[in-house]
Amino acid sequence: MVDIKKHVEDITTTLLDKLGIIHNGVEENKVSGQTLYCINVDAVESEFLIGERDDVLRAINMLVSRMLENKINERNRITIDVNDYKKKKIDTVVEHAKAQADKVKELKHEVELQPANGYERMLVHAALADDVELETGSIGEGADRRVVIKFVG
């Protein structure tokens, strides 16, 4: 069996060493049924690794995923996190979705959430999927795409 964590750690260590960023290894965390590989670095460098609107973190994630795929000749869905940033964001998105779902049930009226990227919309849909009183869907185009939560009884 392939040790994904070991390969992710090797790849991120090589990448961060080349960038001159000191880190404390890679931790494996489970959040909402998803495995996150968290790189722990100091606060100043974490801002650099996350970037504005997660753009650098998403790029690192794609780069590490492709490097891993080339190394082990199989595709794995991995998520790179920095100082639990992604974990906290997942928790925030899911908590907000559940709070809005409660509001929809109370008012029996649909609610449109703020625009979100595809990953965040997927988290909302997954968080509310088992609630038989609700239905979720996405509306809008591009950067304006958002989740709508509807009461169905």
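Scoring residue 108 on the criteria (1) at positive phi; (2) within 16 Å of the chain's Cα centre (by Cα) leaves a single failure, condition (2).
Within the range 1-41, being hydroxyl-bearing (Ser, Thr, Tyr), exposed (fewer than 14 other Cβ atoms within 10 Å of the Cβ) and under 21 Å from residue 89 (Cα atoms) holds for one residue alone: 32.
Selection of the range 2-50 for residues being under 19 Å from residue 70 (Cα atoms), in contact with a strand residue (DSSP E or B) (Cβ under 6 Å, 6 or more places away or on another chain) and not hydrophobic (A, V, I, L, M, F, W, C) yields 5, 9, 12, 37.
Taking residue 39 as the residue in question, decide whether it is at pLDDT below 85 and among the β-branched types (Val, Ile, Thr). Taking the combined requirement at face value, the residue satisfies it.
Within the range 1-49, if we keep just the residues that are of a type in the set (S, T, N, Q) and touching a His at 6+ places or on another chain (Cβ under 8 Å), the residue that is nearest to residue 75 (Cα to Cα) turns out to be 12. Within the group 53, 58, which residue is within 14 Å of residue 89 (Cβ to Cβ), assigned to a helix (DSSP H, G or I) and at pLDDT below 85? Just one listed residue meets the conditions, 53.
Residues in the range 81-105 that are on the phi > 0 side of the Ramachandran plot and in contact with a Phe, Trp or Tyr (Cβ under 8 Å, 6 or more places away or on another chain): 0 in all.
The values are calculated or read from the model by the stated rules, or taken from the named source; none is laboratory data. Small disclaimer: the values here were computed from a predicted structure and weren't measured. Glycine also receives a Cβ, built like all others from the backbone with ideal geometry; neighbour counts cover every protein chain displayed.
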